[in-house]
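No lab work stands behind these numbers, since they all come straight from the coordinates. As the structure is a prediction and not an experimental result, all values here were calculated from the model. Glycine gets a Cβ as well: all are built from the backbone with ideal geometry, and neighbour counts include every protein chain shown.
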Amino acid sequence: MSHWLCVLVQTPAHASLGSVLSYRSESLLTPGTLVRVPLGKRETLGVVWDAESGQATGELDPGKIREVAGVLEGIAPLSGKWQQLLTFTAQYYQRSIGEVALAALPPQLRELSPQQMQRRLKRKKSARPEPTEESPAQNPALPDLSPEQATVMAQIQSQAGPFLLFGATGSGKTEVYLHSVQTVLASDPHAQALVMVPEINLTPQLEARFKARFVPLYGEDAVVSLHSGMTNPQRLKSWLAAHSGQARIVLGTRMAVFASMPQLRLIVVDEEHDPSYKSSEGARYSARDLAVYRGRLDGAKVLLGSATPSLESWHHSRPAAEGGRYLRLHMPSRIGTLAPADQQQAPTAHQTTRATAGTPNGLPLVRRVDMNHQHRNAVFSIPLLEAIKERVARGEQSMVFLNRRGYAPVLHCTDCGWKSECPHCSAFRVFHKIDRTLRCHHCGFTERVPRACPTCGNPDIAPLGRGTERLEEHVAELLADVRRPNTISEEFPDGEPVRVARIDADTTRLKGELQSQLAAVHAGDVDVLVGTQMIAKGHDFRRITLVAAVNPDGALFSSDFRAPERLFSLLMQAAGRAGRDATLGERSEVWIQTFQPAHPLYAALKRHDYPGFARTQLQEREQAGLPPFTAQALVRAEARTQEVAQAFLNAASAAARSEMALWEGWAGILDQITLYPAVPMSIQRVANIERAQMLVESPSRAALQQFLTAWQSVLHATRQGPDGKGLIRWAVDVDPLAI
Ligand code: ADP
Ligand code: ZN
Ligand code: ZN
């Protein structure tokens, strides 16, 4: 006898066909089973889907329903909770469930035939040694928790969460993650934990710490990684280990939030404020927000951690009496500045001096340099340069930070005013001196720098502004006569020349380059490190005692309301790089060169006062009716001309007002929705495609969700109609990070 099944497949985005199609099968397959099914002329991966939740669409003629081609034996069906997570993601972020679910599975699962998969699984089984019946492994020696860590751990164990761990850089958050994971794994022999970091670059460091802690306890296979930097076979291997329950800990980037983990009991989201948790293509999901949803679904505790939480999470962690939903946990002190828990009563003289030295809590001193009083075109103020020279003389390291790569953002002709615009984008091409190219950072268009001005022939074309490449060159010039204490050779009787290095996306293009450059910094082979935000994040540099932001003011005047939040967190992160070695912490400094020394953002930074900064920002957002006090979505449209892109958006908006208002019971919902006029995106044209966007806003997230879901059909209809003519694509971005 043959059964009818609903099977989830990946149909082209916005195809009229839904994601859930009907198939026939000889055996009855449980929902979650992975199958191969014919789709058009191809065969593709599908997931047997719950007939209740998935309304099968497509073929209705029973004679034409096709047969399931094969079952991926040996892989347990995906759990109902996993299916629910993916269903929610698709609904919330307004994408097709087939696209979202299939994209969440490792690519090889889609490519391998059932036979190939069988061979893969067999090979794995025979390679694995039989578990031995030896006595349980010894606990490796754990550091004693600091008083703050101990308090926080007690709260995590006794409360349900979700938790927001607000801990200064170096306060020992990672140690809290390790302890929490250990507690959860020890409590149940099958329990699994998911630990997420924002960037691939940060995974090796985290992996090393987790492996050192947990491999002795649970074996080599217990800790796996999951991120896009892995090869497809590696990803499949990790995924299968997590899915089978063999892996107890999964470390990964945002994609790991979809890992199938049948016994998930804990989710950690490190640096939860980081924009990398938001996907910027396909379903634009926030892995941080989904982690909270998934925790509730799976009954897993959720621990978000940051020294500068997102204002959303900060707001959610206000006192419960005021409507807060997360529990805020606070660790204000750097490790090494307070006595460990068991010595709390009797701090030694040494510990007392450390706790009182410099700024409270062992955080570096923040100094603002008023650039209004410096030479007009100075890149480095005189006092900053002196401070760097002092570090060099003492054999300490400095880090100079500028959030713009390349040599100069623009080349221009002083005669006719020509500028190095990209012919395909509404943006300038960046001058990269190292290979003398002009490169567009948006479309990738690259050309050799012209010998003379392309418009007037003037040979004198000059760089405008500066990026990290130019900054590195400039630092090297300024320090050319400075000598550092001899450590390498006696070849230089008066000391060795200063070693300047740069780390940014350009110097780390090749695999392994970032790791080797970071290793050089750690080994002390660099005196002054120049770089972009890449060096500001997460890396644990122990001997850096000075961090300088040479030109951070731009974000104060940005039209993006989140720019100050990002700047504050970036500067706090950068400050967190300084003085992580407690013995150097006392004289660590963060320098901010600014034309706005009195700006409240810098004043709060000087006090290391994230709560104060957050308070004023949230007040401003509440007054202006911005997130987290309203919910937002963006609809983006792309076309050959700006008019076409905008016409589509405005037509869909007008249709919402005229048609949906007539729907039964909809007047009340539409009243809560604001549809703004379509506008060009901030970079209006990329690779010759014009881009427009429309903001949709509501004080009620539920109303916005309801509206967006219903509006989908209107958008589809508009796309098919006269106002959709010439449109290339459109997409919805729910909770957008950049407006
Ligand atoms: P964060 O993640 O908050 O930046 P880490 O967890 O990396 O902080 O801790 C900072 C440093 O302090 C690390 O070198 C870590 O090994 C050390 N550390 C953390 N907790 C303790 C502790 N309880 N006792 C001793 N050292 C600790
Ligand atoms: Zn010219
Ligand atoms: Zn371009």
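With a Förster radius of 56 Å applied to the beta-carbon distance between GLU67 and ARG448, the computed FRET efficiency rounds to 0.45.
Can you tell me, using C-alpha contacts under 8 Å and at least 6 residues apart, the relative contact order of the range 446-574 as a whole percent?
Values: 106 pairs, mean separation 22.9, N = 129.
Computed over the range 446-574, the figure is 18 percent.
Please work out whether the range 73-117 counts as rounded, prolate or oblate from its C-alpha gyration tensor, where a ≥ b ≥ c are the square roots of the eigenvalues and a/c under 1.5 means rounded, while otherwise a/b larger than b/c means prolate and anything else oblate? Cα axes put the range 73-117 in the oblate bin.
In this structure, the amide hydrogen of ARG729, modeled 1.01 Å from its nitrogen in the peptide plane, lies closer than 5 angstrom to those of GLU638, counting only residues at least 5 positions away or on a different chain.
Could you work out the Kirkwood radius for the range 354-454, taking every pair of different alpha carbons, averaging 1/r and inverting it, reported in Å? Don't skip to the end; give the middle numbers.
On the way: mean 1/r = 0.0574 Å⁻¹.
In the range 354-454 this quantity evaluates to 17.4 Å.
Remark: the SER516-LYS725 segment gains 70.1 nm on full extension, using 0.36 nm per residue and subtracting the alpha carbon distance.
Within a straight-line Cα-Cα reach of under 23 Å, LYS122 can be paired with the following lysines, leaving aside sequence neighbours fewer than 8 residues apart in one chain: LYS237. Please identify the chymotrypsin sites (Phe, Trp or Tyr not before Pro) of the range 409-510 that satisfy two criteria: DSSP loop assignment and at most 12 other Cβ atoms within 10 Å. Which are they? Here no chymotrypsin sites (Phe, Trp or Tyr not before Pro) fit, given the DSSP loop and packing criteria. In plain terms, the residue of ARG265, ARG334, ARG657 with the fewest other Cβ atoms within 10 Å comes first and the most crowded comes last, giving ARG657, ARG265, ARG334.
For each pair in LYS41/LYS81; LYS211/LYS433; LYS64/LYS278; LYS278/LYS511; LYS278/LYS419; LYS81/LYS725, compute the distance between the two Cα atoms and list the pairs where it is over 30 Å. Flagged as over cut-off: LYS41/LYS81; LYS211/LYS433; LYS64/LYS278; LYS278/LYS419; LYS81/LYS725. If you take the alpha carbon atoms of the range 437-551 and fit the smallest convex hull around them, that volume is 170 Å³ per residue. In the chain, the DSSP-assigned H stretches of four residues or longer account for a calculated mean residue ellipticity at 222 nm of -9500 deg cm²/dmol, using -39500 (n - 2.57) per stretch and the full residue count as denominator. In 20 Å bins starting at zero, report the fraction of Cα pairs in the chain per bin as a rounded %. For the chain, the binned pair fractions read 14, 44, 34, 7, 0 percent.
Between the range 253-273 and the range 643-698, the alpha-carbon centres lie 34 Å apart. Per-residue extension of 0.36 nm, minus the Cα-Cα distance of ARG367 and HIS599, leaves a gain of 82.2 nm for this segment.
Which order do SER113, SER286 fall in if you start with the one that has the fewest other Cβ atoms within 10 Å?
Arranged by neighbour count, lowest to highest, SER113, SER286 become SER113, SER286.
Cβ-to-Cβ counts within 10 Å put LYS419, LYS278 in ascending order as LYS419, LYS278, the fewest first.
Distance between the 7 Å Cα→Cβ label points at HIS330 and GLU111: 5.2 nm.
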